[in-house]
Amino acid sequence: MPNTALRSAPPPPEPKHRAERMARFRRDVLAGLSARPRSLPSLYFYDAWGSRLFQRIMALPEYYPTRCEREILERHSGRIAASIGGGPATVVDLGEDAGEKTRVLLSRLAGSRCLAYAPVDVSPAALREASARVRREWPAVEVVPVEGEYAEGLRWLRNREENGTLLVLFLGSNIGNLERRQAVSFLRELRLALRPRDQVLVGLDLVKDPIFLQRAYDDAAGVTAAFNLNLLARLNRELGADFDLAGFQHRATFDPARPAMESWLVSRRQQTATVAGERFTFRAGEAIHTEISCKYREQDLAHLAWESGFEEVGRFLDSRRWFADVLWRAGGGGR
Ligand code: AVI
């Protein structure tokens, strides 16, 4: 039976929206490069090439989060599936693109109920791939791709018709790429878009020996370095910039006070680059901040749920206690 909740899924953005997105990209880049310290939003890592590099990162021996989370989902998908009851359900996938981990969960949920799958992503190519993968594996699952950023996806959630329980996936430590305060605002906004019985499953990377963090964010094969440098390559391709990629170096640092890993692009020498017609001079050693990956302490997770307005219904850790998937219910409260 088709899930009618998804009838309200938005049509793909019109060219006007794409133009707006492009204008925002240009504005964000120019503002970030003009700020001190200079920065570029990590959101822009994920063009087609960046997404491919990220797939390679996830397969690296040093990049533990993917394996930890897969272990968690393989062991606990049954409990997660049981927690949303037996009625119709919609799995809303924020940014995972029906990756392997999502599919572990879908294979538990599909077949036993009326199920829909709604991936939310800015990349039409990623959405096409995710949708095709799910349709191929589970023809009975209705797939409704939502092209847009998470906020647009959330707006769609807010406007949907009543039907079935929503299970919103925010896996892979994506929440870690937001500063803590932003993460709480994002989660609160998400909470407001949900009904009391809806649930979210959030992947959080936990604090561990910094040696393992350092290796994960600066791997021996240099894939993470290529991923970081692709940001400048993207500016060259899409904003007519003229960065000399060989003039910048990837650096990953751990800040125990936050605690977080941070990524930077460090200028190897004094140099100038033109971006969208504006000139920027970089001193030798000057760093552009490109990413924050916040790490959480196990003892902070209950507080994070409370601050975000959710009720914790489950907490699943891998065998090394390096990663957590928390299952929260929207509940009736809210703060
Ligand atoms: C997508 N995100 C959760 C990754 C992370 O671990 O912060 C992105 C990444 N950056 C470098 N390696 C992986």
*Can you tell me which residues in segment 227-236 are in contact (Cβ under 8 Å) with a residue 60 or more places away in the chain, farther than 9 Å from L265 by Cβ and of a type outside the set (G, A, S)?*
F227, N230, R234, L235
*Go through segment 182-227 and give me each residue that's assigned to a helix (DSSP H, G or I), more than 24 Å from I72 (Cα to Cα) and either within 12 Å of the ligand (Cβ to nearest atom) or among the basic types (K, R) (or both).*
R188, V223, T224, A225, A226, F227
*asked:* As an exercise: evaluate R56 against (1) more than 17 Å from the chain's Cα centre (by Cα); (2) within 16 Å of the ligand (Cβ to nearest atom) and give the number of the one condition it does not meet.
replied: (1)
*Go through the residues of segment 16-31 one by one and say whether even a single one is in a loop (DSSP other than H, G, I, E, B) and either at pLDDT 90 or above or open to solvent by 50 Å² or more (accessible area, probe 1.4 Å) (or both).*
no
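Residue-wise test of (1) under 26 Å from R315 (Cα atoms); (2) within 15 Å of the chain's Cα centre (by Cα).
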position	(1), (2)
E71	yes, no
E74	yes, no
S83	yes, no
L109	yes, no
V122	no, yes
V143	no, no
E149	no, yes
G153	yes, yes
*asked:* Checking the structure you have, find out if any residue of segment 65-86 is touching a Ser or Thr at 6+ places or on another chain (Cβ under 6 Å), within 19 Å of R320 (Cβ to Cβ) and touching a residue at least 40 places away in the same chain (Cβ under 8 Å).
replied: yes
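The values are calculated or read from the model by the stated rules, or taken from the named source; none is laboratory data. A quick note: this is a predicted structure, and the numbers were derived from the prediction, not measured. Positions of Cβ are backbone-derived with ideal geometry, glycine not excepted, and every protein chain shown enters the neighbour counts. Just the protein is used for accessible areas: all its heavy atoms, side chains included, with ligands, DNA and RNA removed. Shrake-Rupley method; radii C 1.70, N 1.55, O 1.52, S 1.80 Å.
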